Amino acid sequence: MQGYIFIFTILIASDFFVNQTHINIPGSIIGLIVLFLIFCINGKVTNSIDKSSKALLKYLPLFIIPIGVGIKELFVNIDTKLLLMLLVSVLSLILAVFITVFTIWIIKYFLKRIQNKKLFIGNDNKVEQE
């Protein structure tokens, strides 16, 4: 029961924060970020939160329905701005692809540098042993 109370307290607090600051981010997203930060700081998830989250995870599709309704309410004039929404969607997709490719290139670059250092250090050790 403590896990449910903790999760819903974070959710209610994040919704209150969004209502007070009038930012355009859903309270549930802020709550997830807060939970993530709490778990990173603690380094573990307690048993009560683990059990509660597993029970809630079974009903995740039911939690997605209100999000879809909220998106529909957010875009009341969807017909008048359909072309703009499609343009923004395509541009964000292209941007996401480029960011992903760039991130993979950076990771490969650093992995190659690490492997080259290991090979270089390994060759020095072999020379010293002989």
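Please go through segment 9-32 and pick out each residue that is under 23 Å from Leu60 (Cα atoms) and surrounded by 13 or more Cβ atoms within 10 Å (Cβ to Cβ).
Ile10, Leu11, Ala13, Ser14, Asp15, Val18, Pro26, Gly27, Ser28, Ile30, Gly31, Leu32
Please state which of the following conditions Ile5 fails to meet, knowing it meets all the rest: (1) surrounded by 15 or more Cβ atoms within 10 Å (Cβ to Cβ); (2) without any contact (Cβ under 8 Å) to a residue 12 or more places away in the chain.
Every condition holds for Ile5 apart from (1).
Taking interchain pairs and intrachain pairs at least six residues apart, which have beta carbon atoms under 6 angstrom, with the first residue in segment 69-95 and hydroxyl-bearing (Ser, Thr, Tyr) and the second modelled with pLDDT of 75 or more and exposed (fewer than 10 other Cβ atoms within 10 Å of the Cβ)?
Cβ pairs passing all conditions: none.
The values are calculated or read from the model by the stated rules, or taken from the named source; none is laboratory data. Treat the numbers as computed from the prediction; the structure is a model and nothing was measured. Heads up, the Cβs are rebuilt from the backbone with ideal geometry, glycines too, and the neighbour counts pull from every protein chain shown.
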